[in-house]
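Asks: Can you keep this structure in mind? I'll have questions shortly.
Derivation of every value follows stated rules applied to the coordinates shown; laboratory data play no part. What you see is a predicted model, and the numbers here were worked out from it, not measured in a lab. Note: ideal-geometry Cβ built from the backbone for every residue, glycine included; neighbour counts use all protein chains shown.
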C-alpha cells in the first residue's frame, strides 16, 4: 500500500467512525481531518469534500456487506441455508457495527440531500437475498418483509440493544446478548419461512 493509499484509508476510517457516531449532518470535514491526524487540505486532496467522503464511506460499507452476503448466498441450498445466511449477516453487523449505524442515521433523515444510496446499494442487496430465498421457500411467504424484519431488528438491536436488570444497555458487543438476539431472530425467520424453530 502506498503512502497515498494509506492516507486515504486513514481518512475513510476516521470518516466512517464519525458518520456512524454523529451522522453526516453532525460531522464536519474539519472533525474528520482532526480524527485522521491530518489537515483539511490533505483530506480534500486524497478524498475530496464532505459529500465525497460520505459517498466513499457508504460505497466501502456496501462493498464489504455485499461481499459477505454474496459468499453466504452462494452456499444456500435449502431453507435451512437461509438461517446460515442470517447468521452471516448478524455476524457482519456485530463485527462492523458502523455499517448498520450509518444506515440508521439515514433512516432518521440524515444526509437527506444524498438521495440515491438506497436505490444504489440497499435495493440490489435486498433483491439478491430475495431471489435465493424464493427458490427455497413457499410462494405464500412475503420474503421481502422477512428480510426487512431481520434488517430492522438487527439495526435496532445494534443501536439500542436491550436493558439488563441494572438498566445497562447490552447490544452487539455483548456476547451473551448477541447469542440471545441471534437465537430469537432465527426463531422469527424459521417461523416465517415454515421451518421448525432452531436456536443458534
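Asks: Which FRET efficiency, nearest 0.05, do residue 42 and residue 70 yield, Cβ-Cβ r, R0 30 Å?
Replies: My answer for the efficiency is 0.30.
Asks: Can I ask one more? Taking only the alpha-carbon positions of the stretch 138-192 and ignoring solvent, what does the Debye formula give for the base-10 log of I(q)/I(0) at q = 0.26 Å⁻¹?
Replies: -1.02
Asks: Moving on to the next point. Assuming R0 = 41 Å, can you tell me the calculated FRET efficiency for the pair residue 115 and residue 173, based on Cβ-Cβ distance, to the nearest 0.05?
Replies: That pair, residue 115 with residue 173, gives E of 0.80.
Asks: How do 112-118, 100-106 rank on mean C-beta neighbours within 10 Å, highest first?
Replies: 100-106, 112-118
Asks: Per DSSP H run of at least 4 residues, take -39500 (n - 2.57); add these up for the chain, divide by its residues and hand me the 222 nm value, nearest 500 deg cm²/dmol.
Replies: Result for the chain, helices only: -22000 deg cm²/dmol.
Asks: Mind checking the full-extension length gain between residue 59 and residue 188? Use 0.36 nm per residue of separation minus the Cα-Cα distance, one decimal, nm.
Replies: 43.4 nm is the gain from fully extending residue 59 to residue 188.
Asks: Taking 1 over the mean of 1/r across every pair of different Cα atoms in the stretch 3-95, what Kirkwood radius in Å do you get? Show your work: numbers first, answer last.
Replies: On the way: mean 1/r = 0.0683 Å⁻¹.
Evaluated over the stretch 3-95, this radius sits at 14.6 Å.
Asks: Something else now. By count of other Cβ within 10 Å, fewest leading, how are 177, 59 ordered?
Replies: Values: 177 17, 59 14.
So the residues, fewest neighbours to most, are 59, 177.
Asks: Using alpha carbon centroids, what distance separates the stretch 136-165 and the stretch 2-39, in Å?
Replies: The stretch 136-165 and the stretch 2-39 have Cα centres spaced 31 Å from each other.
Asks: Top mean-square fluctuation among 139, 87, 78, Gaussian network model of the chain, C-alpha springs under 10 Å?
Replies: Ranking 139, 87, 78 by mean-square fluctuation puts 139 first.
Asks: Name the residue, out of 23, 48, 161, whose mean-square fluctuation peaks in a Gaussian network model built on the chain with Cα pairs under 10 Å.
Replies: Of 23, 48, 161, the most mobile in the Gaussian network model is 48.
Asks: Per residue, how big is the convex hull of the chain when only Cα atoms are used? Give it in Å³.
Replies: Once divided by residue count, the hull of the chain is 136 Å³.
Asks: Follow-up question, since we're still on this one. Evaluate E = 1/(1 + (r/R0)^6) for residue 131 and residue 34, where r is the Cβ-Cβ distance and R0 equals 45 Å; express this FRET efficiency to the nearest 0.05.
Replies: 0.55
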